[in-house]
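Colleague: Right, I'll just put the structure down here and ask away after.
The values are calculated or read from the model by the stated rules, or taken from the named source; none is laboratory data. Because the structure is a prediction, the values reported are computed rather than measured. Here Cβ is always computed from backbone atoms with ideal geometry, including for glycine, and neighbour counts include all displayed protein chains. Please note that ligands, DNA and RNA were not included when accessible areas were found on the heavy atoms of the full protein model with its side chains. Shrake-Rupley method; radii C 1.70, N 1.55, O 1.52, S 1.80 Å.
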2 protein chains.
Amino acid sequence: MKILLIGASGTVGSAVATELAQRHEVIHIGRNSGELQVDISDPTSIRRLFEQTGRFDALVSAVGSVTFKALGEMTSDDFTLGLQNKLMGQVNLLLIGREFANDGASFTLTSGILNRDPIRTGASAAMVNGALDAFVKAAAIELPRGLRVNAVSPTVLEEAMGSYAPYFRGYKPVPAAEVALAYAKSVEGLQTGQVFIVG
Amino acid sequence: MKILLIGASGTVGSAVATELAQRHEVIHIGRNSGELQVDISDPTSIRRLFEQTGRFDALVSAVGSVTFKALGEMTSDDFTLGLQNKLMGQVNLLLIGREFANDGASFTLTSGILNRDPIRTGASAAMVNGALDAFVKAAAIELPRGLRVNAVSPTVLEEAMGSYAPYFRGYKPVPAAEVALAYAKSVEGLQTGQVFIVG
């Protein structure tokens, strides 16, 4: 398979690259690194990416920014980054990318644990994750040509606990390599409309 | 209790008004009708509303617009209405309204069945409902002063089946009066961070 991996240089993305490169052609894509670049918050940048990649068999998105801030200090504007970047950025990878997807191609997006198990400062992350989990479930039933879409919803990563531990006390972290398995299940399996929970 | 009811003239709102007016002072608020008006997609309009209502004990929102459209015809822009109106409109009722809420006041927002049980043309509705269900769960743990927030997630209404039936074949509709009970549970009970599913 020809697989587009958005966020290939990240902690999750690197582990997904290692897992999938054993069996597939993986194109490394990043904001500023990788073989190709994309700003997922900009639909024009997304379209330019696909014009460069050409047709593909799977897209994996392991990117998305949200604002972490105490709810007491949040205004409407603090939710914009999450909605435009992690949510609509990933949704637009599907809405635009489907034109370039081969029959039976899959889209695998990344949500996360915070809608299932919230933390302080996580209201925007929870909102966006809940939106993504719901979107893949609904979009899957309308996709033509055997196209599929799933989300992977990981808990906090072992590799991230150096900086994230104070925000995730009591959460059992998982290694990125274990999270990467869920992406392989989505890409190489046949399920659609699923949220693969890891941790 | 002094209860602000946004969307008081709608099918759900009317039933909620009937249920709550038996025991409470209910202020009827609408886009163009009611005692006071608000455009929930406009934070300035929301702030003006609360300056008119003054302090309150409960806010019920039974409003929110989304775009229904076949996924194959949807672009990024088709998700904007749902994100700005039903999602951030209701979230802003809390973000702005909390300044005017008495200690222990509750916010009850409205999501809906489509993230749990999707239909054709429902991708934006599913996204927004999933976002709302997640937001109330996350926001609830950060609210101060005993403030509470819940969502009510109803299936299709019996009263709406005249026009909605073709989109909801096989769905068991519920009467608006039954949906109204979930709002009373949220307002008059003590739970927070919950999604009350009806139907």
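Colleague: May I ask for the accessible area buried between chains A and B, both sides summed, probe 1.4 Å, to the nearest 100 Å²?
Modeller: 2700 Å²
Colleague: What accessible area per residue, rounded to a whole number of Å², is obtained for region B:2-198 using a probe radius of 1.4 Å?
Modeller: 39 Å²
Colleague: What's the local net charge at B:Ser65, with K and R +1, D and E -1, over the other residues with C-beta under 10 Å away?
Modeller: +2
Colleague: What does the helix-only formula give at 222 nm for chain B: each DSSP H stretch with n ≥ 4 adding -39500 (n - 2.57), the total divided by the residues, and the result rounded to the nearest 500 deg cm²/dmol? Intermediate results must be reported in sequence, preceding the final value.
Modeller: Numbers: 6 runs with 67 residues, N = 199.
Here the helix-only value at 222 nm equals -10000 deg cm²/dmol.
Colleague: Just from the alpha-carbon atoms, what are the Rg and Dmax of the protein assembly as shown in angstroms?
Modeller: Cα radius of gyration and Dmax of the protein assembly as shown are 21.3, 67 Å respectively.
Colleague: To one decimal in nm, how far is B:Ala70 from the same spot in the other copies, if labels go 7 Å from Cα toward Cβ? Please give the shortest first.
Modeller: 5.1
Colleague: Going through region B:125-195, which trypsin sites (Lys or Arg not before Pro) have at most 13 other Cβ atoms within 10 Å and a DSSP loop state?
Modeller: Qualifying residues, ordered by number: B:Arg145, B:Arg169.
Colleague: Quick one, what does Rg over Rh come out to for region B:81-197 if you take C-alpha atoms and the Kirkwood Rh?
Modeller: Radius of gyration relative to Kirkwood radius: 0.99.
Colleague: Under the definition of Cα pairs under 8 Å and six or more residues apart, what whole-number percent is the relative contact order of chain B?
Modeller: Result for chain B is 21 percent.
Colleague: To the nearest 20 debye, what charge dipole does the protein assembly as shown have about its Cα centre, counting +1 at the Cβ of each Lys and Arg and -1 at the Cβ of each Asp and Glu?
Modeller: For the protein assembly as shown, the charge dipole is close to 360 debye.
Colleague: Please average, across the residues of A:136-149, the number of beta carbons from any other chain that are within 10 Å of each residue's own beta carbon, and give a whole number.
Modeller: Working: counts 4, 9, 17, 7, 3, 7, 10, 2, 2, 0, 0, 0, 0, 0.
Per residue, the average neighbour count from other chains is 4.
Colleague: Using amide H atoms built 1.01 Å from N in the peptide plane, name the residues 5+ places from A:Ile197, or on other chains, whose amide H lies under 5 Å from its own.
Modeller: Hits under the 5 Å cutoff: A:Ser153.
Colleague: Averaged over its residues, how many other protein chain Cβ atoms are within 10 Å of peptide A:118-127's Cβ atoms?
Modeller: 6
Colleague: Could you compute the net charge surrounding B:Phe79? Neighbours are other residues with a C-beta less than 13 Å from the C-beta of B:Phe79; K and R count +1, D and E count -1.
Modeller: Numbers: positive: B:Lys69, B:Lys86; negative: B:Glu73, B:Asp77, B:Asp78.
Once positives and negatives cancel, what remains is -1.
Colleague: I would also like to ask the following. Along Cα→Cβ, 7 Å out, is where each label goes; now give me the distance between the ones at B:Glu35 and A:Ala165 in nm to one decimal.
Modeller: 5.5 nm
Colleague: With springs only between Cα atoms under 10 Å apart, run a GNM on chain A and tell me which of A:Asn150, A:Asn32, A:Asn129 wobbles the most.
Modeller: A:Asn32
Colleague: On to the next question. Any chance you could give the angle, 0 to 90 degrees and rounded to 10, that helix B:123-140 forms with the longest Cα principal axis of chain B?
Modeller: Helix B:123-140 sits at roughly 30 degrees to that axis.
Colleague: Taking A:Arg23 in one copy and the same position in all the others, each labelled 7 Å out along Cα→Cβ, what are the pairwise distances from the first, in nm, shortest first?
Modeller: 5.7
Colleague: Also, quick follow-up: Tell me which of A:Pro166, A:Gly54, A:Ile6 sits at the most positive position along the dipole axis of the protein assembly as shown, charges placed on C-beta atoms (Lys, Arg +1; Asp, Glu -1).
Modeller: Of A:Pro166, A:Gly54, A:Ile6, it is A:Pro166.
Colleague: May I pose another question? How long are the three semi-axes of the equivalent ellipsoid of region A:2-198, in whole Å, if each is the root of 5 times an eigenvalue of the C-alpha gyration tensor, listed from largest down?
Modeller: Numbers: eigenvalues 131, 68, 52 Å².
Computed over region A:2-198, the values are 26, 18, 16 Å.
Colleague: Running a GNM on chain A with Cα contacts under 10 Å, which residue among A:Thr155, A:Thr75, A:Thr53 ends up with the highest mean-square fluctuation?
Modeller: A:Thr75
Colleague: Another question, then. Relative to the other copies, what are the label-point distances for A:Asp117, with labels 7 Å from Cα along the C-beta vector, expressed in nm at one decimal and sorted shortest first?
Modeller: 3.0
Colleague: Compute the helix-to-body angle for B:88-97: its Cα long axis versus the longest principal axis of chain B, expressed 0 to 90° and rounded to tens.
Modeller: 10 degrees
Colleague: With a sphere of radius 15 Å drawn around the Cβ of B:Glu142, what net charge do the other residues whose Cβ falls strictly inside it have (Lys, Arg +1; Asp, Glu -1)?
Modeller: Net charge in that neighbourhood comes out at +3.
Colleague: Further question: Take the alpha-carbon centre of region B:106-123, take the same for region A:108-180, and report the distance between them in whole Å.
Modeller: Answer, in whole Å: 20.
Colleague: Angle check, please: helix B:176-188 long axis (alpha carbons) against the longest principal axis of chain B (alpha carbons), in degrees 0 to 90, nearest 10.
Modeller: 40 degrees
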